[in-house]
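Peer 1: First the structure, then my questions, so here it is.
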Amino acid sequence: MSSPRFHMSSPVHGTGRRKSRFTYRQLTLLTSYSTSTPLRVIAHIDLDAFYAQCEMVRLGTAEDQPLAVQQWQGLIAVNYPAREFGIGRHCTVTDAKKLCPKLISQHVATWREGDEKWAYHDDAAAHIGTHKVSLDPYRLQSRRILALIKESLPSNLQRVEKASIDEVFLDLSAHIHSIFLQRFPELAYPPPYDDPTEKLPLPPVTALDWQADALVDFEDAEIEADDPDWDDVAILIGSEIVRDIRAQIRRTLGYTCSAGIAGNKLLSKLGSGYKKPNQQTVIRNRAVQHFLSDMKFTKIRNLGGKLGEQVVSTFHTEAVKDLLHVPVEQMKLKLGDDTGVWLYNTIRGIDVSEVSSRTQIKSMLSAKSFRPYINNQEQAVKWLRIFAADIFSRLVEEGVLENKRRPKTINLHHRQGVQTRSRQSNIPQGKTLDEATLFELAKNLFIQFIQEGKVWPCSNLSLSVGGFEDGITGNRGIGAFLLKGDEARESKGNLREDPAGPVTHERPEKKRRVESPGIQRFFPKRESSSGDPEESIDDDLTGTGNSKIETKEASLNSSGSRLWPATEYVKVCTRCNARLEGAEALQSHLDWHLAKDLQEEERGNQTFASHQSTGSRSQKTAAASSSSLSSKKSTRGSTSSTKLEQGQSKLKFG
Ligand code: TTP
Ligand code: CA
Ligand code: CA
């Protein structure tokens with residue numbers, strides 16, 4: 001790793017300020033990733049046009065070749081050369097080809113009905129009825145990138161949170177602390193009088209070389225001239241670490257990514273989206289106010305959705321600048337104590353949420369929405385076979401063959417018209433789980449639906465396994481490899497060489513984060529920080545045909561490329577405000593929400609919105625979670641199309 005570049009000056013400090021603003025205690029707190037030290041450094045790394053880059057690398061296309069990733073007739077990722085032609089996710093393949101005839105439009109890999117394995121099929125787009133999308137190729141690349149990131153950080157000084165299929169947060173604090181002690185030995189001396197509240201000496205630095213970073217300006221040029229303090233040095237070192245990681249990803253795997261480096265997750269995430277592609281943005285503490293004040297708060301993480309709308313309608317503005325004048329008391333009054341305080345802090349760039357290592361998989365789901373609906377058992381069974389194969393290949397990755405970890409329960413969800421039903425059963429323990437067993441269990445659950453009648457036409461089926469347990473073998477279970485602080489080994493253990501092989505389906509177990517409790521009421525769940533379809537959700541559920549879901553991150557990007565065409569056919573999802581083209585697309589999208597909800601239930605992570613809507617959804621959730629391990633039924637009325645609105649919206653991460 002290259003070392004940060006400092007222009008050393010004489011130790012005499014010109015500005016008259018002889019001590020740092022920071023204390024010995026604040027310095028030491030870096031070692032424990034404390035959220036309360038102003039010296040902490042958080043980075044957010046997000047891959048550029050991720051799926052598109054995966055296809056570019058796989059196909060070996062030229063860097064400047066416009067390329068988009070197609071799902072049925074829509075586009076789900078567009079590389080930057082193609083964006084120059086005005087192509088975005090809103091385009092159909094036909095429109096995109098008109099804009100750029102030389103565009104390569106690569107369809108995602110699919111499982112074909114009856115097949116044993118997914119593959120890239122040339123005719124997939126025309127076979128939405130018989131194919132199911134596989135995101136495995138992208139999951140594999142995601143894992144490789146994550147493994148590389150972890151390998152490039154010292155194993156005992158890293159904290160890496162995978163936030164979605166193409167992004168991570170890094171808490172670089174402890175690593176930076178160790179670099180501080182190496183480079184500035186005076187910091188290792190005990191504080192004067194052994195008093196940790198004593199101020200540190202100033203850094204022996206007058207100018208920091210920010211190289212190619214996009215540096216967010218300060219409001220006041222005067223401050224720029226001021227001597228840097230330790231927070232600037234820390235963030236500079238962070239920026240160098242991130243630059244090296246990005247270079248390694250580029251060199252080793254061929255991908256470009258963008259990054260934000262700042263004092264917390266909120267700001268680092270805003271930073272990574274600030275300049276794309278292949279750039280990094282540093283937001284120093286002293287630049288925060290200026291950076292945020294010109295921004296619309298609806299771009300900020302958690303303020304893109306319902307809460308954002310509520311704030312706009314309450315205070316009649318979208319500008320952070322205007323909200324800065326609103327006293328905290330008034331925010332509390334209008335939004336409730338917790339949310340008021342949270343908003344007051346957020347627009348000031350204050351965020352004390354932790355970067356948490358989340359790697360344990362808790363459940364896996366494979367699903368398909370049928371358009372047209374399916375009408376017979378033979379068809380359903382073919383899909384169950386695919387689901388079983390899909391899930392089994394991920395289980396293999398999770399160590400099920402070695403009995404390291406295994407799921408306890410299997411669930412089948414069936415949707416017919418307005419009814420969604422689910423059945424659950426135990427997975428027999430004792431012998432090594434295999435694909436045939438999964439398939440048999442799935443079929444048995446399906447037979448139970450049939451015995452009750454009213455199965456056809458079926459619009460959605462989804463199979464999931466959950467209740468993962470560490471296997472009891474003499475071996476070291478995979479859980480041990482996933483322990484915090486031991487993550488380098490974990491990443492190596494999961495790294496596969498064979499790109500065509502099955503890949504782990506990542507379902508990171510989420511830890512509770514430190515955030516304002518009041519804000520939770522707006523969350524249907526604790527969510528990851530990005531708008532990507534969660535890697536764990538089958539993307540057949542993110543839309544069919546021309547329909548796509550507008551995800552959280554879409555609101556981040558002001559390029560307009562992700563905006564929806566304002567046609568009269570556009571339907572708005574009452575849960576997340578996604579705009580869908582037509583009723584079919586909306587139904588598909590709602591299925592997707594349902595699948596996500598079901599997964600959340602699997603996770604046992606049911607932080608559903610409690611205010612405004614304690615009705616239908618909560619009951620639904622309760623019904624689902626009450627199903628015991630023995631095969632038990634829970635029949636749900638359709639609540640998805642009409643009753644999911646109030647307070648159910650997932651907050652958007654800006
Ligand atoms: P994003 O990070 O939102 O977008 P991106 O990586 O394509 O482009 P950017 O350079 O602006 O970050 O999403 C990551 C991947 O998730 C994306 O490549 C494809 C997938 N995705 C969808 O399938 N549908 C969607 O609506 C969105 C937003 C993403
Ligand atoms: Ca991205
Ligand atoms: Ca992303």
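The values are calculated or read from the model by the stated rules, or taken from the named source; none is laboratory data. From a predicted model like this one, the values you see are computed outputs, not experimental measurements. Cβ: placed from backbone, ideal geometry, glycine included. Neighbour counts: every protein chain shown.
Peer 1: I want to confirm something. Restricting to region 325-375 and keeping residues that are in a loop (DSSP other than H, G, I, E, B) and in contact with a Ser or Thr (Cβ under 7 Å, 6 or more places away or on another chain), which single residue is surrounded by the fewest Cβ atoms within 10 Å (Cβ to Cβ)? Even if it seems obvious, please write down each step before you answer.
Peer 2: Looking only at region 325-375, we keep the residues that are in a loop (DSSP other than H, G, I, E, B), and these are 325-327, 336, 347-360, 362-363, 375.
Keeping just the survivors that are in contact with a Ser or Thr (Cβ under 7 Å, 6 or more places away or on another chain) gives 352, 354, 363.
Details: Val352: 16, Glu354: 20, Ser363: 24.
Looking at residues that are in a loop (DSSP other than H, G, I, E, B) and in contact with a Ser or Thr (Cβ under 7 Å, 6 or more places away or on another chain), I get Val352.
Peer 1: Same structure again: Please enumerate the residues belonging to region 404-422 that are touching a His at 6+ places or on another chain (Cβ under 8 Å) and closer than 19 Å to Asp390 by Cβ. Spell out the reasoning first.
Peer 2: Our first condition is that a residue be touching a His at 6+ places or on another chain (Cβ under 8 Å); within region 404-422, this holds for 420-422.
Of everything in region 404-422, just one residue is touching a His at 6+ places or on another chain (Cβ under 8 Å) and closer than 19 Å to Asp390 by Cβ, namely Ser422.
Peer 1: Name every residue in region 23-47 that is part of a strand (DSSP E or B), crowded, with 24+ Cβ neighbours inside 10 Å and away from ligand 2 (no atom under 16 Å from the Cβ), in order of residue number.
Peer 2: Hit for region 23-47 is Ile42, nothing else.
Peer 1: What do you reckon, is Tyr80 within 26 Å of the chain's Cα centre (by Cα) and away from ligand 2 (no atom under 16 Å from the Cβ)? So that I can check it myself, show each step before the final result.
Peer 2: Numbers: within 26 Å of the chain's Cα centre (by Cα): yes; away from ligand 2 (no atom under 16 Å from the Cβ): no.
Answer is no for this residue.
Peer 1: Something else: How do the pairs read when you match residues in region 167-180 that are touching a residue at least 12 places away in the same chain (Cβ under 8 Å) and within 16 Å of ligand 3 (Cβ to nearest atom) with residues anywhere that are in a helix (DSSP H, G or I) and aliphatic (A, V, I, L, M), using Cβ under 9 Å and keeping only pairs 6 or more apart or on different chains?
Peer 2: Val168/Ile145; Val168/Leu146; Val168/Ile149; Leu170/Ile149; Leu170/Ile241; Leu170/Val242; Leu170/Ile245
Peer 1: A follow-up question, please. Give me the residue from region 48-64 that is of a type in the set (A, V, I, L, M, F, W, C) and more than 16 Å from ligand 3 (Cβ to nearest atom) and, out of that set, surrounded by the fewest Cβ atoms within 10 Å (Cβ to Cβ). Outline the logic, then answer.
Peer 2: Residues of region 48-64 of a type in the set (A, V, I, L, M, F, W, C): 49-50, 52, 54, 56-57, 59, 62.
After this cut, where a residue has to be more than 16 Å from ligand 3 (Cβ to nearest atom) as well, the list is 56-57, 59, 62.
Working: Met56: 22, Val57: 14, Leu59: 12, Ala62: 9.
Among residues in region 48-64 that are of a type in the set (A, V, I, L, M, F, W, C) and more than 16 Å from ligand 3 (Cβ to nearest atom), the one surrounded by the fewest Cβ atoms within 10 Å (Cβ to Cβ) is Ala62.
Peer 1: Any residue in region 48-64 that is more than 19 Å from Asn278 (Cβ to Cβ), part of a helix (DSSP H, G or I) and either away from ligand 1 (no atom under 16 Å from the Cβ) or β-branched (Val, Ile, Thr) (or both)?
Peer 2: For region 48-64, residues more than 19 Å from Asn278 (Cβ to Cβ), part of a helix (DSSP H, G or I) and either away from ligand 1 (no atom under 16 Å from the Cβ) or β-branched (Val, Ile, Thr) (or both): absent.
Peer 1: Does Val69 fit the bill of being within 15 Å of ligand 2 (Cβ to nearest atom) and either part of a strand (DSSP E or B) or modelled with pLDDT under 95 (or both)? Break it down into steps so the answer makes sense when it comes.
Peer 2: Details: within 15 Å of ligand 2 (Cβ to nearest atom): yes; either part of a strand (DSSP E or B) or modelled with pLDDT under 95 (or both): yes.
Criteria met by Val69.
Peer 1: Among the numbered criteria (1) outside any strand (DSSP E or B); (2) in contact (Cβ under 8 Å) with a residue 12 or more places away in the chain; (3) assigned by TED's automatic domain parsing to the domain that holds Leu438, which one does Glu378 miss?
Peer 2: Looking at each condition in turn, Glu378 falls short on (2).
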